[in-house]
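Each remark here refers to the structure printed beneath this line.
The values are calculated or read from the model by the stated rules, or taken from the named source; none is laboratory data. Here the structure is a predicted model, which is why all the values come from computation and not from measurement. Positions of Cβ are backbone-derived with ideal geometry, glycine not excepted, and every protein chain shown enters the neighbour counts.
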Amino acid sequence: MIVPTYNEAGSLPPLVERLAGAMAGHTWELVVVDDGSPDGTADVAARLSAKHPVWVVRRAGKAGLASAVIAGFNESRGDILVVMDADLSHPPETVPALVKAIDDGADLAVGSRYVKGGATMDWPLRRRVVSRVACLIGNVLVPVRDATSGFFAVRRTAIDGVRLNAIGFKIGFEVIARARTKTVVEVPYTFRDRELGASKFGRREVVQYLQQVGMVTRDKALGRLH
């Protein structure tokens, strides 16, 4: 599993404990990619590694979520790569269902808020509207209802050698659009707004998503997508 972090010292311990419970009986590892968090997130992750299979990638500055996930891909050793947020908005208890979908033959399993059984909780109306509009835009380009999901599992062979653009927050959209996949499934989950810390979502992230959509549209028109 890959978890990008910036100032998530409070959320990381409960995340790891819940992951350990959810993945009992499974072989797993967690790669924490930290962008120089001033709250000591990387040190917290390092302490957790004494008890759990946690690895820490320390980066000097705030280089962005997408590039952190790509760095995590490079450091991970498993054949199934799971990406999730550190803030507990993505329930660790759903990870086994994502992994099972890959074991059952899917190349990509996307945690989805917008299929039957999925939902969002504790989210302001503005964020709900922005999320739905962003997904509707993405739906034109990818066959996934929750096109902007940042909670997914992908088979390593589906992204090996694939060039992923390291901009913005929406690495999930980038992977859905560019990975070499034959079978993509959506696994329902309930998204809950973060319990600790402040959201990192803002106008800049909206602009970067639109840039991503533009690049994917261009590459699709040029036949560069798989």
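Can residue 36 be described as modelled with pLDDT under 95 and at positive phi? Yes, satisfied. Taken together, 182, 170 contain a single residue that is of a type in the set (Lys, Arg), in contact (Cβ under 8 Å) with a residue 60 or more places away in the chain and buried (at least 17 other Cβ atoms within 10 Å of the Cβ), which is 170. Scanning segment 204-224 for residues that are surrounded by fewer than 16 Cβ atoms within 10 Å (Cβ to Cβ) and in contact with a Leu (Cβ under 9 Å, 6 or more places away or on another chain) returns 217, 220. Scanning segment 130-152 turns up one or more residues that are surrounded by 14 or more Cβ atoms within 10 Å (Cβ to Cβ), touching a strand residue (DSSP E or B) at 6+ places or on another chain (Cβ under 9 Å) and in a helix (DSSP H, G or I). Look through segment 97-110, keep the residues that are of a type outside the set (Asp, Glu) and surrounded by fewer than 19 Cβ atoms within 10 Å (Cβ to Cβ), and return whichever of them is nearest to residue 157 (Cα to Cα). Applying the filter and picking the extreme gives 105.
Note on segment 9-31: residues that are within 18 Å of residue 68 (Cα to Cα) and at pLDDT below 95 total 0.
Taking residues in segment 116-129 that are under 15 Å from residue 87 (Cβ atoms), and partners anywhere that are modelled with pLDDT under 80 and hydroxyl-bearing (Ser, Thr, Tyr), the pairs with Cβ atoms closer than 9 Å and at least 6 places apart or on different chains are 127/199. When residue 1 is tested against (1) within 25 Å of residue 157 (Cβ to Cβ); (2) modelled with pLDDT of 95 or more; (3) touching a strand residue (DSSP E or B) at 6+ places or on another chain (Cβ under 9 Å), only condition (2) is not met. Do you know which residues across segment 153-166 are crowded, with 19+ Cβ neighbours inside 10 Å and aliphatic (A, V, I, L, M)? Across segment 153-166, the qualifying residues are 153, 154, 158, 159.
Check whether at least one residue in segment 193-203 is under 23 Å from residue 6 (Cβ atoms), in contact with a strand residue (DSSP E or B) (Cβ under 8 Å, 6 or more places away or on another chain) and modelled with pLDDT of 75 or more, and report yes or no. Scanning segment 193-203 turns up at least one residue that is under 23 Å from residue 6 (Cβ atoms), in contact with a strand residue (DSSP E or B) (Cβ under 8 Å, 6 or more places away or on another chain) and modelled with pLDDT of 75 or more.
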